[in-house]
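Student: Before I ask anything, let me first share the structure, which is written out below as structure tokens.
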Amino acid sequence: MPKRWAQQVALLAAWLAAAALLGLVFGAPAWWLTAALLLYVAYTLRYIYLLDRMLDGSKRVAPFATRGLWAEILARVDKIKTKSRNRKKKFHRVLREIRESTGALRDGGVILNGDNEIVWFNPAATWLLGLDPRTDIGRRIDNLIRHPEFVSYLAEPGGEGITIPSPKIESTWLALQIIPYGRDQRIAIVRNVTREIKLERTRRDFVANASHELRSPLTVLSGYLDTLADDEDLPESWQVPISEMLRQSNRMTRILSDLMELMHLESAESDASHDFVDVCTMLSLMTREFDSATAEHPAVSLRLETDAALLGNETEVHSIFFNLVHNAMRFTPASGSVGVVWRADDQGAAFEVTDTGIGIPAEEIPRITERFYRVDPGRSRAMGGTGLGLAIVKHAVQRHNGVLEIASVEGEGSTFRCRFAPDRLVFRGGQAEAAV
Ligand code: ADP
């Protein structure tokens, strides 16, 4: 038993013993004892009353007992109350600071519960998304922002988020990302990216216009160079420079055509179309062409494990397949091999090109799909590369809602795999097998 309780029991015992003694001396001990007990009850009630008032919220209740059990109980309650008061003050201060800082933020923040109902949002969300704090708290966010891309992103948030036009401000673009936190809570972060989008459009338009403008003079130059190169009367001292000029002008033509293709892919707003693309026939023809194009090349094999057709844009699909097989052929020595596979399962289909070529150093893999990025620029140029092939592949695959995966071991070879979702496939019910 704690000391204060032992003292209290001893005090009560002494009090009752004194009453009994007085009863024995003056007579009627039962009355003395009852009176002593009643006094004790009154004393206890007084402190219970004080405790009650303290808990009720009176700041401080005086007078406190200075010693004994009740003094300690009341002092402890007072301490707890002071602590909680300080904590409350601190909490309010932090809350005010959060409110002020989120109010000053230029980015919008919207807190959503598990049912996508709005729990809270900051002032920036009010003007970026057109939300009204008086009416929109508790409403489902997809009833307020109905953009189809937002609705499907909300159902399955992931990746780097989406960019949609502002539902409130005209000609304004918003980048939106949903981040889960806590228990079934999510925060939607909204950023005004109109400036970035405009700059990106200006850059794209500039490259597209420049490529377009350069194409006609280049065609004229290439034409003359072609004629000159074929001219049997061309002085011998001119033959080397002319053929080099022709090679370079052909390279420039390829770069311009790749640039225009890339710009076209990048500026296309929506996903690729859903035309029927007969992958098996396309791959059979393509691998056969590669096999007969040059005398010295690695062995090419094609395995068609499915007859699935792809729903997409035929030109873009051809570009994906062509660029990947072309790269594998260029970066693999003639003694090596290139394997092309088209297969499918219930997760979707995969187009895969595996080579036994020079491979790619692990640290370069994340960068090789960037425009003009090459592991060895000199080698790529010497082989007629433009440095744009994989950037085109990546964009075209993304426009088909697919993913490009790259695995490689330097000096051993590489595998480039494009995965396509089941909703981009049409199965014709047969299992195809073919080889070149
Ligand atoms: P390039 O015209 O230079 O081939 P790409 O965009 O097609 O441009 O490829 C970028 C770079 O990625 C290449 O320069 C090369 O370094 C590397 N690369 C692409 N495919 C392969 C491959 N199959 N094997 C080894 N390296 C590759």
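The values are calculated or read from the model by the stated rules, or taken from the named source; none is laboratory data. Just so we're clear, the structure is a prediction, and the values are computed from it rather than from any experiment. Heads up, the Cβs are rebuilt from the backbone with ideal geometry, glycines too, and the neighbour counts pull from every protein chain shown.
Student: Considering only residues that are of a type in the set (A, V, I, L, M, F, W, C), without any contact (Cβ under 8 Å) to a residue 24 or more places away in the chain and in contact with a Ser or Thr (Cβ under 7 Å, 6 or more places away or on another chain), which ones fall in segment 175-229?
Tutor: Step one: of segment 175-229, the residues of a type in the set (A, V, I, L, M, F, W, C) are 175-176, 178-179, 187-190, 193, 197, 199, 206-208, 210, 214, 218, 220-221, 225, 228-229.
Those left that are additionally without any contact (Cβ under 8 Å) to a residue 24 or more places away in the chain: 175, 179, 199, 206, 210, 220, 228-229.
Once the filter is applied, which keeps residues that are of a type in the set (A, V, I, L, M, F, W, C), without any contact (Cβ under 8 Å) to a residue 24 or more places away in the chain and in contact with a Ser or Thr (Cβ under 7 Å, 6 or more places away or on another chain), segment 175-229 yields Ala175, Ala229.
Student: Residue under question is Glu170, and the condition is that it be over 22 Å from the mean Cα position of the chain (by Cα), within 28 Å of Glu200 (Cβ to Cβ) and surrounded by fewer than 17 Cβ atoms within 10 Å (Cβ to Cβ); does it hold? Reasoning before the result, please.
Tutor: Working: over 22 Å from the mean Cα position of the chain (by Cα): yes; within 28 Å of Glu200 (Cβ to Cβ): yes; surrounded by fewer than 17 Cβ atoms within 10 Å (Cβ to Cβ): yes.
The answer is yes for Glu170.
Student: Tally the residues that are at pLDDT 90 or above and touching a Pro at 6+ places or on another chain (Cβ under 7 Å), restricting the search to segment 83-120.
Tutor: The number of residues fulfilling the criteria is 0.
Student: Looking for something of a type in the set (Ser, Thr, Tyr) and more than 8 Å from the ligand (Cβ to nearest atom) - is there at least one such residue anywhere in segment 369-381? Quick ask: steps written out before the conclusion?
Tutor: Kept after step one, since they are of a type in the set (Ser, Thr, Tyr), are these residues of segment 369-381: 369, 373, 380.
Subset that is more than 8 Å from the ligand (Cβ to nearest atom): none.
Scanning segment 369-381, I find no residue that is of a type in the set (Ser, Thr, Tyr) and more than 8 Å from the ligand (Cβ to nearest atom), so the answer is no.
Student: Let me ask something else about it. Answer yes or no as to whether Ala299 is surrounded by fewer than 16 Cβ atoms within 10 Å (Cβ to Cβ) and either in contact with a Phe, Trp or Tyr (Cβ under 6 Å, 6 or more places away or on another chain) or within 23 Å of Gly357 (Cβ to Cβ) (or both).
Tutor: Details: surrounded by fewer than 16 Cβ atoms within 10 Å (Cβ to Cβ): yes; either in contact with a Phe, Trp or Tyr (Cβ under 6 Å, 6 or more places away or on another chain) or within 23 Å of Gly357 (Cβ to Cβ) (or both): yes.
Yes; evaluated as a whole, the condition is true for this residue.
Student: Could you pull out the residue among Glu314, Glu296 that is more than 15 Å from the ligand (Cβ to nearest atom) and farther than 28 Å from Ser273 by Cβ? Steps first, answer last, please.
Tutor: Details: Glu314 fails: farther than 28 Å from Ser273 by Cβ.
Within the list Glu314, Glu296, the selection yields Glu296.
Student: Could you grab me the full set of residues in segment 381-395 that are among the small types (Gly, Ala, Ser) and either farther than 19 Å from Phe321 by Cα or within 30 Å of the chain's Cα centre (by Cα) (or both)?
Tutor: Applying the first criterion (among the small types (Gly, Ala, Ser)) to segment 381-395 yields 382, 384-385, 387, 389, 391.
Within segment 381-395, Ala382, Gly387, Gly389, Ala391 meet the criteria.
Student: Checking the structure you have, find out if any residue of segment 349-364 is within 8 Å of the ligand (Cβ to nearest atom), in a helix (DSSP H, G or I) and under 21 Å from Ala293 (Cβ atoms). Give the derivation first.
Tutor: Going through segment 349-364, the residues within 8 Å of the ligand (Cβ to nearest atom) turn out to be 353, 355, 357-360, 364.
Applying the additional criterion that residues be in a helix (DSSP H, G or I) yields 364.
Subsequent filtering for residues that are under 21 Å from Ala293 (Cβ atoms) retains none.
No: zero hits.
Student: Going through Glu213, Glu261, Glu200 one at a time, which residue ends up being within 45 Å of the chain's Cα centre (by Cα), outside the structural domain of Ser335 (by TED's automatic domain parsing) and surrounded by 17 or more Cβ atoms within 10 Å (Cβ to Cβ)? Spell out how you get there, then give the answer.
Tutor: On the way: Glu213 fails: surrounded by 17 or more Cβ atoms within 10 Å (Cβ to Cβ); Glu200 fails: surrounded by 17 or more Cβ atoms within 10 Å (Cβ to Cβ).
Criteria check complete, one pass: Glu261.
Student: Among the listed residues Pro148, Pro133, identify the single one that is under 15 Å from Gly108 (Cα atoms) and exposed (fewer than 15 other Cβ atoms within 10 Å of the Cβ). Talk me through it step by step, then tell me what you get.
Tutor: Working: Pro148 fails: under 15 Å from Gly108 (Cα atoms).
Testing whether each residue is under 15 Å from Gly108 (Cα atoms) and exposed (fewer than 15 other Cβ atoms within 10 Å of the Cβ) leaves just Pro133.
Student: Within segment 184-197, how many residues are farther than 15 Å from Pro165 by Cα and more than 14 Å from the chain's Cα centre (by Cα)?
Tutor: From segment 184-197, those farther than 15 Å from Pro165 by Cα are 184-188; that's our starting set.
If we keep only those that are more than 14 Å from the chain's Cα centre (by Cα) too, we end up with 184-185.
Of the residues in segment 184-197, 2 are farther than 15 Å from Pro165 by Cα and more than 14 Å from the chain's Cα centre (by Cα).
Student: Out of segment 382-406, which residues are in contact (Cβ under 8 Å) with a residue 12 or more places away in the chain, of a type in the set (A, V, I, L, M, F, W, C) and within 11 Å of the ligand (Cβ to nearest atom)? Show your work before the answer.
Tutor: Pass one, segment 382-406, residues in contact (Cβ under 8 Å) with a residue 12 or more places away in the chain: 383-397, 399-406.
This time we only want the ones that are of a type in the set (A, V, I, L, M, F, W, C), so: 383, 388, 390-393, 396-397, 403-404, 406.
Answer for segment 382-406, where residues must be in contact (Cβ under 8 Å) with a residue 12 or more places away in the chain, of a type in the set (A, V, I, L, M, F, W, C) and within 11 Å of the ligand (Cβ to nearest atom): Met383, Leu388, Leu390, Ala391, Ile392, Val393, Ile406.
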